[in-house]
Amino acid sequence: LQYLPDHFEFRLKNLVAINKDGDDLDFGSVPYIVYNPFTTAVDDPEINEIRVFPNPCHDEVMIVSELASDVEVLNVQGKKVRTISSSELIFPVNITDLVPGLYFLRFAQTQRIVKLVVQ
């Protein structure tokens, strides 16, 4: 699978449309964001980019973050099952100690959360 972004942003300039009642709708140059329907949460595109791959994973996962941050691994009940040191964030992280299932990675520095599926 290729990486799919969680959103696409585009701008329409001086575009006029008509609504169902026949009234003009002026879109101007306001940015419009279309969100990927397959994501579980929407992140602010201005905040630090985080990539987690492969996802789903088996025995190791690569976590790449622009900002060094420890990462808490949470199970679906929200219980912390592991902490990944920020020194590991650009290298493969061994996850063989995690049982298969759904996890959430919470980045301590930004409090962002990313879904991780372990097979």
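At-a-glance table
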item	result
Segment D59-L102, length gained on full extension (0.36 nm per residue, minus Cα span)	14.1 nm
Contour minus Cα-Cα distance for R51 and K20 (0.36 nm per residue)	7.1 nm
³J(HN,Hα) computed for each position of the stretch 62-72 - Karplus, 6.51 cos²θ - 1.76 cosθ + 1.60, integer Hz, glycine/proline x	9, 10, 10, 9, 6, 10, 4, 7, 5, 10, 9
Accessible area (Å², 1.4 Å probe, nearest 10) - D97	100 Å²
Area of R82 that stays accessible when all protein chains are in place (1.4 Å probe, Å², to 10)	50 Å²
3J(HN,Hα) from dihedral phi, the stretch 110-117, Karplus parametrisation 6.51/-1.76/1.60, rounded to Hz, x for glycine, proline	10, 6, 6, 10, 10, 6, 9, 10
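The values are calculated or read from the model by the stated rules, or taken from the named source; none is laboratory data. None of the values given here were measured: they were computed from a predicted structure. Heavy atoms of the whole protein, side chains included, go into the accessibility calculation; ligands, DNA and RNA do not. Shrake-Rupley method; radii C 1.70, N 1.55, O 1.52, S 1.80 Å.
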